[in-house]
1. Checking residue 242 against (1) of a type outside the set (Gly, Ala, Ser); (2) part of a helix (DSSP H, G or I); (3) closer than 20 Å to residue 5 by Cα, which single condition isn't satisfied?
2. Checking the conditions here, which among 245, 241 is surrounded by fewer than 20 Cβ atoms within 10 Å (Cβ to Cβ), out of contact with any Gly (no Cβ under 8 Å at 6 or more places or on another chain) and in contact (Cβ under 8 Å) with a residue 24 or more places away in the chain?
3. Consider residue 331 carefully, then state whether it is surrounded by fewer than 20 Cβ atoms within 10 Å (Cβ to Cβ), within 24 Å of residue 295 (Cα to Cα), of a type outside the set (Ser, Thr, Tyr) and modelled with pLDDT under 95.
4. Quick check on residue 343: is it without any contact (Cβ under 8 Å) to a residue 24 or more places away in the chain, closer than 29 Å to residue 276 by Cα and surrounded by fewer than 22 Cβ atoms within 10 Å (Cβ to Cβ)?
5. Checking the conditions here, which among 205, 186 is of a type in the set (Gly, Ala, Ser) and modelled with pLDDT of 95 or more?
6. List pairs: first in the stretch 39-60 and in a loop (DSSP other than H, G, I, E, B), second polar (S, T, N, Q), Cβ under 6 Å, 6+ apart or cross-chain?
7. Condition first: among the basic types (Lys, Arg) and under 13 Å from residue 250 (Cα atoms). Can you find one or more residues in the stretch 215-234 that meet it?
8. Report those helices (runs of 4 or more DSSP H) wholly inside the stretch 94-205 carrying at least 2 residues which are crowded, with 17+ Cβ neighbours inside 10 Å.
Amino acid sequence: MKTSRTLTAAVAAAFFGMLTVVMPASSQAQGAATVHGHVTNPAGLPLSNGDVRFTTDKNPSAPDAKFAYDFPLDGQGNYTGKIDKPGNYIGVVFQAGNHVDYSPQTAIAAGEDKTIDFDMSRKEYLDKMTPAEKEQLEEYKKQAAAAMAANSKIANLNAMLKQARADREAGNFDAAIKAMTDATTAKPDEPILWEELGDDQLGQATAAQKASRTDPTLADKFGTAIASYQKALTLETAKAKPDPKAIAATQNQLGQAYGRQGKTKEASDAYEAAAKADPTQAGMYYFNEAATAFNANSMDEAAAAAQKAVTADPTKADAYYIEGQALIQKATVDPKTNKITAPPGCVEAYQKYLELAPTGPHAEEVKGILQGIGASVATGYKAGKK
């Protein structure tokens, strides 16, 4: 189970150097109307935080000025709202508690759909800036340009991520690997991209293994996936604030890659690291460890990992099944009576499986085993989680 992540956009520093303006007087009328518009900051970009307020006060810049209507700006610098008393209004843009621009006195008629825009990049506005404010504006423009360039790059990388995931889902691993190789070349410091590349490489290696377990290229194919996951882990753990869930997810994938190679010890270490990084999903990671060990015929390790899985998540039915299957290998048979004695915990694990999954895929098998060793098979279980 994986959560598909994407890269986040860059953000330019907020520009707080806009002028505090003095408003002209206005008059008032009555009626109903709607108003909307767009606000552009001095750098020519949408003002994405703040609000637009409307008033009929003669001196809207006065401390006691009353604003009858207040419409917030959205992330694209747009606002919209309804004015139930049409008349002659002044629109005022506020940011960080200060009025930074205004519209001329505007008549808003009953039933009218009025557009009132604010453009702080106009020459008249810029000419009123102090040298310090103009200097701050130029610095903001540089930061905004850098952020826009970064966002364009991130948008392109996210598009590549989306396409690579679709290609991987369709089994087109070559295309997915090509896309994510290009992505890691474009932004080599992003762990998400390396993890995704590892997933594509693991998918290709797994498909090749299913086609032929004697394929001489398998070691290299799995090796490239492992290297990509390790690169992702190195980058993530080096962050000022590493994401534990991201680390756990990558460790889990690393465990899958090692397990496919038959490197049970390395796989186990990866799953243990995943559970440690994200204890909320420890049941799943320990179960994967148990399944990998069981498939490798490492029964002691499978039983131990399964016990960790059910301790972390007591509702995980299949973990009880693996625990029972691993322990039953140590059952003993009395040569005189042919009575089978299961090791401690084995019967309990099987019975717990039936309790949680009475109609599960292994239910009949487990009932047969319990009957064969003379253990009770309880009836009347209610269906639970698998």
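1. For residue 242, the exception is condition (2).
2. On the way: 241 fails: in contact (Cβ under 8 Å) with a residue 24 or more places away in the chain.
Among 245, 241, only 245 is surrounded by fewer than 20 Cβ atoms within 10 Å (Cβ to Cβ), out of contact with any Gly (no Cβ under 8 Å at 6 or more places or on another chain) and in contact (Cβ under 8 Å) with a residue 24 or more places away in the chain.
3. On the way: surrounded by fewer than 20 Cβ atoms within 10 Å (Cβ to Cβ): yes; within 24 Å of residue 295 (Cα to Cα): yes; of a type outside the set (Ser, Thr, Tyr): yes; modelled with pLDDT under 95: yes.
Spelling it out, residue 331 is indeed surrounded by fewer than 20 Cβ atoms within 10 Å (Cβ to Cβ), within 24 Å of residue 295 (Cα to Cα), of a type outside the set (Ser, Thr, Tyr) and modelled with pLDDT under 95.
4. Details: without any contact (Cβ under 8 Å) to a residue 24 or more places away in the chain: yes; closer than 29 Å to residue 276 by Cα: no; surrounded by fewer than 22 Cβ atoms within 10 Å (Cβ to Cβ): yes.
No: the conditions fail for residue 343.
5. Checking each option against the conditions leaves just 205.
6. The qualifying pairs are 42/121; 44/121; 47/41; 50/95; 56/26; 56/28.
7. Keep residues of the stretch 215-234 that are among the basic types (Lys, Arg), which gives 221, 231.
Then drop every residue that is not under 13 Å from residue 250 (Cα atoms), which leaves 231.
Yes, there is a match, as at least one residue in the stretch 215-234 is among the basic types (Lys, Arg) and under 13 Å from residue 250 (Cα atoms).
8. Working: elements: 123-127, 131-169, 173-186.
Ranges flagged: 131-169, 173-186.
The values are calculated or read from the model by the stated rules, or taken from the named source; none is laboratory data. None of the values given here were measured: they were computed from a predicted structure. Neighbour counts are summed over all protein chains in view; Cβ atoms, including those assigned to glycine, are modelled from backbone coordinates with ideal geometry.
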